[in-house]
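Structure first, commentary second.
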There are 2 protein chains.
Amino acid sequence: MNCTKCKTKAAIKIPRHHAAFCRGCFTNFVHDQVARAIKSETMFGKDDRILVAVSGGKDSLALWNILLKLGYKADGFYVDLGIGGYSERSHTMVRQFADTIGVPSGAVLHTHTVEREEGAGIKELAQLVHRPTCSTCGTIKRYQFNRAAVVQEYDVMATGHNLDDEAARLLGNVLHWQEDYLDKQGPTLPASVDGFAKKVKPLYRLSERELAAYCVVNNIQYIVDECPMAQGARTLLYKEVLNRLETESPGTKQYFYWGFLEKQRKKRASSEGMLERDQALLHPCSACGQPTTAEMCSYCKLMARAKREVSG
Amino acid sequence: MNCTKCKTKAAIKIPRHHAAFCRGCFTNFVHDQVARAIKSETMFGKDDRILVAVSGGKDSLALWNILLKLGYKADGFYVDLGIGGYSERSHTMVRQFADTIGVPSGAVLHTHTVEREEGAGIKELAQLVHRPTCSTCGTIKRYQFNRAAVVQEYDVMATGHNLDDEAARLLGNVLHWQEDYLDKQGPTLPASVDGFAKKVKPLYRLSERELAAYCVVNNIQYIVDECPMAQGARTLLYKEVLNRLETESPGTKQYFYWGFLEKQRKKRASSEGMLERDQALLHPCSACGQPTTAEMCSYCKLMARAKREVSG
């Protein structure tokens, strides 16, 4: 099979686009998909300062790389969760990328160490507050990532969620008809109020498989293993099921997720904006001042509970 | 494991209801689910005359049996598609049920023979009009079933669509965000205009597996093989995928479909009714007088084309 663009020998097939690419044209294809995502979802411009959440996995390192290659001002933000060897290995991958590609391109790597800042590793914190590790981790990462972006005056926060992530999340929300979550599931969430940074997902047009191939083709080293605390079997099951549908009928994931975005766009155009609703619901957290719908935000509640457990 | 109701030895487990039943209590459970469907979706009453579409398969024969056992006035309508041995075997099953259970309960079996009425078997007709067999078959069955109900003044038409059928159809519509089809997918479609009978699906609360078990427990003989013209791999694929999700998390199908119905109910309450929209769009077919959105209805178009092909 030959490359759809330059007709030399193809290295990767993209069935849902009825295309195949050589290594060079594949890299251009990936960059082009991200450029289209940034433009069509009005994510950011060349003057904006972007903070990229990097975990050491393929998606986030690919994202940081692509943004730098496209000429954006993108710094990295890494959260060291304190999960023994896994955190050490992922931190090494992130540092290695920052040293060899990030810093030479003028980018900075910020690191937040949970054991130092929150006083204990993620596993211990979750046990202290009697909550699942993944939801504890989510609360801390979302909070600290947003805080870093706001305090250091970044214009936008970017995460490495890909098409598979978004389609799986959409399938879960649709299977349970989670209307509220459905409303908030888009590649661009505006900075609805002061204290909440704008959030974007520039990889939503690219699949997991394509991002893994991008890292291999571009010599980006990443941590392959999933977090040992496990992402939750549910997401993996949804991905498996979507892959089954994709194999039978290439393009299923993209039609599913993009079709949803199209539908949301129409809906939004004809209804009260999320922005106004959010502004009406949110006010500053009584402890830290960040916006929340409750009296105290979920991060401060979590940390207060952990402190009570330690002292009690 | 013991029966959830009477504590004797259980014969069938229903994981999504966290229940198990002996044969007698299982039959009551099935009848109860149908009674709840009829009531909650205001399908019909004891005085209404119901026409049940029977194919000879487990779902439609179970439905006819359940309606008679619950004391409803339900007649059967069978379409002989003229698909060789398959049609012969399914016709035998339907006749056998009608003779042993239907007629003794005061019910009548109507038969429409495609080869006689439309002049050729379904396969030949599809070839004549250059359309897939399944869609040709659907057009003819829907048309003749509705015509029989209207001409013979039945109050409502009932089909044997079960939870698996409806969940698979919903998944297909959601994956492609078919808004129009989504709007029309419910267990009760009102008789929107003169010439369209009301349509109901009283089995929407029961799974394929439960209906097969119901037939076995109640000695109802049915044709096991799928139609040789094939239902379409797509529906089977959606069912497979939903079964995979159901195994991991019992109740997925029911939450998915019932949750959808709940959502539609809320939506309908707050928006213009389907009824008014339909009435605005429909008018009598120029050939047969049945309601259609086009100048000539799809059945008459199909038959006109077949006649042209034969004479041309």
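The values are calculated or read from the model by the stated rules, or taken from the named source; none is laboratory data. Source: prediction; values computed, not measured. Cβ placement follows ideal geometry from the backbone for every residue including glycine, while neighbour counts extend to all protein chains displayed. What goes into the accessible areas is simple: the full protein's heavy atoms, side chains included, and nothing from ligands, DNA or RNA. Shrake-Rupley method; radii C 1.70, N 1.55, O 1.52, S 1.80 Å.
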* Residue list for the stretch B:265-295, restricted to those being surrounded by 15 or more Cβ atoms within 10 Å (Cβ to Cβ) and either modelled with pLDDT under 80 or farther than 17 Å from B:Ala197 by Cα (or both) -> B:Met274, B:Asp278, B:Ala287
* Structure fact -> Selection over the stretch B:296-308 where residues are assigned to a loop (DSSP other than H, G, I, E, B) and either in contact with an Asp or Glu (Cβ under 6 Å, 6 or more places away or on another chain) or closer than 22 Å to B:Lys198 by Cβ (or both) yields a count of 1
* What single numbered condition from (1) touching a strand residue (DSSP E or B) at 6+ places or on another chain (Cβ under 8 Å); (2) touching a residue at least 24 places away in the same chain (Cβ under 8 Å) fails to hold for A:Val150? -> (1)
* All helices (runs of 4 or more DSSP H) inside the stretch B:37-147 with 2 or more residues being open to solvent by 20 Å² or more (accessible area, probe 1.4 Å), at pLDDT 95 or above and under 25 Å from B:Ala191 (Cα atoms) -> B:58-69
* Asked: How about the stretch B:153-184: which of its residues are in a loop (DSSP other than H, G, I, E, B) and touching a residue at least 60 places away in the same chain (Cβ under 8 Å)?
  -> B:Glu153, B:Tyr154, B:Asp155, B:Thr159, B:Gly160, B:His161, B:Asn162
* Structure fact -> For the stretch A:185-229, the count of residues that are among the basic types (Lys, Arg) and not in a loop (DSSP other than H, G, I, E, B) equals 3
* Quick one: which residue in A:Lys184, A:Lys253, A:Lys199 is buried (at least 21 other Cβ atoms within 10 Å of the Cβ), under 22 Å from A:Leu282 (Cβ atoms) and in contact with a helix residue (DSSP H, G or I) (Cβ under 9 Å, 6 or more places away or on another chain)? => A:Lys199
* Asked: Could you say which residue among A:Gly106, A:Gly82, A:Gly71, A:Gly76 is of a type in the set (Gly, Ala, Ser) and within 17 Å of the chain's Cα centre (by Cα)?
  -> A:Gly76
* Could you run through the stretch B:17-36 and say how many residues are open to solvent by 40 Å² or more (accessible area, probe 1.4 Å) and touching a Cys at 6+ places or on another chain (Cβ under 8 Å)? => 1
* State which residue is nearest to the other protein chains (Cβ to nearest Cβ) when the search covers only the stretch B:174-224 and only residues that are acidic (Asp, Glu) and either over 17 Å from the mean Cα position of the chain (by Cα) or closer than 26 Å to B:Asp155 by Cβ (or both). => B:Glu179
* **Residues located in the stretch B:230-251, provided they are under 19 Å from B:Asp59 (Cα atoms), in a loop (DSSP other than H, G, I, E, B) and within 14 Å of chain A (Cβ to nearest Cβ)** => B:Gly232
* Structure fact -> With criteria (1) within 30 Å of B:Ile140 (Cβ to Cβ); (2) assigned to a loop (DSSP other than H, G, I, E, B), B:Lys5 comes up short on (1)
